[in-house]
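Enquirer: Here you go, one structure.
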């Protein structure tokens, strides 16, 4: 595998001063796999030159943080580590301390409020003494360097960015997301110097195959016919896009980082190959992918990352 050069040049992650790779490493925890296997998979992506890692305590009940902590030993200073505050209505400090213990780290590069998609809850956290103030205290104490949110609500993202409460934001960008993420939130964040780390490039897998999301099978689905006359429940028979089409779409929109799962070596290789062949798409190509993405997500369950999940 070619190391590092395939993900150059890097770019500034908002105002953080960190030069990030265009692809980031999302959650790859799987308790069905040994720790050593998961650690090796993460290190494989790091060896390829990716330098931003995202985790959360809720990913396999702390297993993701444990994997990250082991995988980054000996190279921590080269990386940008994002962790999350999962319990939005609970004190922040104790959650950060517990995450740092699982990570075996003294600090992360960022902690963000995880899935902060309720405006009422955002307003509660933004009150004096609330969660954002508690996160600021953790930054002052050196337990993390930056703060922000991940969100599935453009209104919350807009409010948090304009209030100056975020150094980075995590939100959906891809061929099938609510248009406001792309037309409103992405340019707003860039104008405010807020780093953009964007997920849902593959629509939780819906755009690539027959799944309700993250490799979960459809409850009811057509079955592909085999030449032997039987059926194949694993064959994708509904409309779908390719890895390259989805990733090139997201990269054309130009977020700071496209955050991908990369849970297995074959997934990594497909993503790396697509990144290596990237050239910005034309308006006509983007429109064609959006049109086919509508067909590719039909009959595959709601898209929970959009304000109207059934649209």
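The values are calculated or read from the model by the stated rules, or taken from the named source; none is laboratory data. Owing to the predicted nature of the structure, the values given are computational and were not obtained by experimental measurement. All Cβ positions, glycine included, derive from the backbone under ideal geometry; neighbour counts span all protein chains shown.
Enquirer: Given the residues 280, 239, which is the only one that is touching a helix residue (DSSP H, G or I) at 6+ places or on another chain (Cβ under 7 Å), modelled with pLDDT of 90 or more, assigned to a loop (DSSP other than H, G, I, E, B) and surrounded by fewer than 20 Cβ atoms within 10 Å (Cβ to Cβ)?
Expert: 280
Enquirer: Residue pairs, Cβ under 7 Å, 6 or more apart or interchain, first in the stretch 299-311 and without any contact (Cβ under 8 Å) to a residue 12 or more places away in the chain, second assigned to a loop (DSSP other than H, G, I, E, B) and surrounded by fewer than 13 Cβ atoms within 10 Å (Cβ to Cβ). List them.
Expert: 302/309; 302/310
Enquirer: Moving on. Tell me which strands (runs of 3 or more DSSP E) are completely within the stretch 110-220 and hold 2 or more residues being closer than 27 Å to residue 267 by Cα and at pLDDT below 95, or say none if there are none.
Expert: Result: 211-213.
Enquirer: Would you point out the residue of the stretch 100-109, among those that are touching a helix residue (DSSP H, G or I) at 6+ places or on another chain (Cβ under 6 Å) and either in a helix (DSSP H, G or I) or at pLDDT below 95 (or both), that is surrounded by the most Cβ atoms within 10 Å (Cβ to Cβ)?
Expert: Among residues in the stretch 100-109 that are touching a helix residue (DSSP H, G or I) at 6+ places or on another chain (Cβ under 6 Å) and either in a helix (DSSP H, G or I) or at pLDDT below 95 (or both), the one surrounded by the most Cβ atoms within 10 Å (Cβ to Cβ) is 103.
Enquirer: Here's something else I'd like to know. Take the residues of the stretch 32-56 that are in a helix (DSSP H, G or I) and in contact (Cβ under 8 Å) with a residue 40 or more places away in the chain: which is farthest from residue 20 (Cα to Cα)?
Expert: Selected residue: 41.
Enquirer: Assuming residue 161 fulfils every condition listed in (1) closer than 30 Å to residue 296 by Cα; (2) touching a helix residue (DSSP H, G or I) at 6+ places or on another chain (Cβ under 9 Å) apart from one, which condition is it?
Expert: Unmet for residue 161, out of (1) closer than 30 Å to residue 296 by Cα; (2) touching a helix residue (DSSP H, G or I) at 6+ places or on another chain (Cβ under 9 Å): (1).
Enquirer: Within the stretch 80-89, can one find any residue that is part of a loop (DSSP other than H, G, I, E, B), out of contact with any strand residue (DSSP E or B) (no Cβ under 7 Å at 6 or more places or on another chain) and under 20 Å from residue 196 (Cα atoms)?
Expert: Looking for residues that are part of a loop (DSSP other than H, G, I, E, B), out of contact with any strand residue (DSSP E or B) (no Cβ under 7 Å at 6 or more places or on another chain) and under 20 Å from residue 196 (Cα atoms), one finds at least one in the stretch 80-89, hence yes.
Enquirer: A further question follows. Answer with yes or no whether residue 245 is without any contact (Cβ under 8 Å) to a residue 60 or more places away in the chain and either assigned to a loop (DSSP other than H, G, I, E, B) or more than 17 Å from residue 179 (Cβ to Cβ) (or both).
Expert: No; evaluated as a whole, the condition is false for this residue.
Enquirer: Got a number for residues in the stretch 57-79 being on the phi < 0 side of the Ramachandran plot and assigned to a loop (DSSP other than H, G, I, E, B)?
Expert: 7
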